[in-house]
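The values are calculated or read from the model by the stated rules, or taken from the named source; none is laboratory data. From a predicted model like this one, the values you see are computed outputs, not experimental measurements. Neighbour counts run over all protein chains shown; Cβ positions are idealised from the backbone, glycine included.
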Amino acid sequence: MTDEALNDIILQGEGYYTEFKRSFNSDLKKEIVAFANASGGRIFLGIDDDGDIPGIAVSNSLLSKIQDAAQSCDPPVHITTKVLEKNVILIDVPEGRNKPYRCTKGFYIRVGANAQKLTTESIVDFIQKEGRIRFDEQIRLDVSVDNYFSKTRWENYIQLSEINPRLDPYVVLKSLGAVKSHNDVDYFTNAGVLTFTDKPVKFLPQAVVTCVAYNGNTKVDIIDRKEFDENIFSNIDAAIAFIERHINVSSIINDVVRKDLWEIPKVALREAIVNAVLHRDYLEKGARVTIEVFNDKIIISNPGGLPKGLKEKDFGKYSLARNSVLADILLRAHYIEKLGTGIHRINNELSKALLPKAVFEFSNFFSVIFNRVKGGQKGGQKGGQKGGQKLTPKQEEVFILIKANNQITRSELCSELDINASAVQKHIDQLKAKGYIIRTGGSRGGYWKILNDKE
């Protein structure tokens with residue numbers, strides 16, 4: 001692997017197939033079994049989480065310890081190692097043929113960019129029932145990249161995820177699991193079809209989001225109905241816009257700060273929609289993600305129920321992504337804040353707005369029910385908005401840079417502040433929540449609007 005290829009991998013950051021570790025320690029076994037229990041992956045020793053390359057003291061003794069760590073897993077994991085430039089060791093972990101694997105700390109599986117611990121019962125059930133190759137990882141030999149790659153979808157994605165545009169799209173798509181090669185031809189996986197083609201429904205007719213608004217509390221009088229059949233990102237945004245048209249949205253103005261106040265927090269609704277399109281069972285072709293707006297409630301449902309291996313008693317405690325590749329793609333585009341936090345985030349937003357918790361139902365479908373309370377959030381957050389909220393020192397640094405350049409990118413903020421992308425995103429989200437900034441326009445041609453000029 002050349003220095004340039006290694007730098008390209010580092011620029012993409014950690015993900016479902018990639019893990020960076022600064023040094024050799026006992027956690028290495030955990031990462032090895034997590035990849036073996038999922039779809040395989042690569043561990044780079046000598047690279048920090050933020051992409052710095054301190055390197056590692058390479059020796060035959062260390063290489064032996066790495067092999068011993070893999071062999072001590074139960075059953076043993078057969079890895080290969082390679083010493084790269086800059087004193088980095090690449091550990092290639094294949095998908096295991098004898099799942100499930102465990103280390104001394106327990107059973108782990110790769111979820112997004114992390115190794116997640118699971119109970120023995122959960123991981124055995126998950127692997128047995130979901131099969132070795134999950135839906136989103138399956139290669140589509142009828143959808144070649146040469147014929148169906150959408151440059152527009154790709155350009156939108158690299159802006160959302162802040163991937164360096166100079167990177168070869170094919171290399172990035174393969175590292176994301178969106179593309180696989182067969183007989184030297186590149187084809188999309190189902191995850192790639194859903195995100196990087198113009199019309200996913202041409203190949204996956206079930207990839208539709210249906211939105212319906214009713215006049216009343218029952219499914220009798222339909223006042224609006226829309227079906228969205230673009231890629232996943234477009235469908236999520238269109239579904240949010242549909243709900244906005246059919247619920248109460250007011251504004252709060254304090255000094256120069258104006259904030260739209262949805263009767264049900266937009267963050268909670270968006271989280272539920274993202275979860276629905278991400279965790280739906282795409283093998284179920286006769287059902288769709290459905291969003292229903294009634295006078296007294298909003299129901300967001302998806303076919304599939306809980307992922308196999310996730311027991312009802314563990315709901316909210318553990319996270320099992322039915323479509324792990326798709327989850328990683330959405331995570332990198334900041335459509336997911338952090339895997340496994342969606343349910344908590346929904347109820348936290350409702351709690352802050354002094355609204356009832358959402359109701360979660362699961363059988364063959366998974367549903368989130370938001371009760372529409374008369375008056376919604378109105379007044380519930382008045383005290384919190386009044387006069388604005390103080391900023392932490394790091395938030396202040398981000399705010400000052402945005403004030404100085406309202407078109408500054410997240411990548412530029414990372415460089416200026418010497419922090420990673422997730423930390424920058426967290427500070428931006430907090431500045432938005434506190435009423436200091438909003439984003440006007442899209443990733444291309446958009447800019448940051450200052451709402452509160454008081455530092």
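See the values below:
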read-out: Restricting the stretch 37-56 to residues that are out of contact with any strand residue (DSSP E or B) (no Cβ under 6 Å at 6 or more places or on another chain), in contact (Cβ under 8 Å) with a residue 40 or more places away in the chain and not charged (D, E, K, R), the residue that is surrounded by the fewest Cβ atoms within 10 Å (Cβ to Cβ); value: Gly51
read-out: Residue count for the stretch 152-174, restricted to those that are in contact with a strand residue (DSSP E or B) (Cβ under 8 Å, 6 or more places away or on another chain) and crowded, with 19+ Cβ neighbours inside 10 Å; value: 1
read-out: Some residue of the stretch 93-111 being in contact with a Cys (Cβ under 6 Å, 6 or more places away or on another chain) and either of a type in the set (Gly, Ala, Ser) or not in a helix (DSSP H, G or I) (or both); value: yes
read-out: Answer from Arg22, Arg110 - the residue that is closer than 21 Å to Leu326 by Cα and among the basic types (Lys, Arg); value: Arg110
read-out: From the options Lys285, Lys308, Lys352, Lys297, residue that is surrounded by fewer than 19 Cβ atoms within 10 Å (Cβ to Cβ) and at pLDDT below 85; value: Lys308
read-out: Verdict on Ile402 being modelled with pLDDT of 85 or more, within 20 Å of Gln159 (Cβ to Cβ) and part of a loop (DSSP other than H, G, I, E, B); value: no
read-out: Condition check for Gly46: more than 27 Å from His182 (Cβ to Cβ) and touching a helix residue (DSSP H, G or I) at 6+ places or on another chain (Cβ under 8 Å); value: yes
read-out: Residue list for the stretch 207-243, restricted to those being part of a loop (DSSP other than H, G, I, E, B) and over 25 Å from Tyr148 (Cα atoms); value: Asn215, Gly216, Asn217, Thr218, Lys219, Val220, Asp221
read-out: Cross-chain or 6+ apart pairs with Cβ under 6 Å, the stretch 164-190 first and outside any helix (DSSP H, G or I), then among the acidic types (Asp, Glu); value: Leu167/Asp8; Val179/Asp186; Thr189/Glu137
read-out: Boolean, Tyr148 is under 17 Å from the mean Cα position of the chain (by Cα), over 21 Å from Ala38 (Cα atoms) and of a type outside the set (Gly, Ala, Ser); value: no
read-out: Residues located in the stretch 60-92, provided they are part of a strand (DSSP E or B) and of a type outside the set (A, V, I, L, M, F, W, C); value: Asp74, Thr80, Thr81, Lys82, Asp92
read-out: Members of the stretch 76-130 that are of a type in the set (Ser, Thr, Tyr) and at pLDDT 85 or above; value: Thr80, Thr81, Tyr101, Thr104, Tyr108
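Table: residues versus (1) touching a Pro at 6+ places or on another chain (Cβ under 7 Å); (2) surrounded by fewer than 19 Cβ atoms within 10 Å (Cβ to Cβ).
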{"site": "Cys211", "(1), (2)": "no, no"}
{"site": "Ile223", "(1), (2)": "no, yes"}
{"site": "Lys226", "(1), (2)": "no, yes"}
{"site": "Asn231", "(1), (2)": "yes, no"}
{"site": "Asn235", "(1), (2)": "no, no"}
{"site": "Ser250", "(1), (2)": "no, yes"}
{"site": "Val289", "(1), (2)": "no, no"}
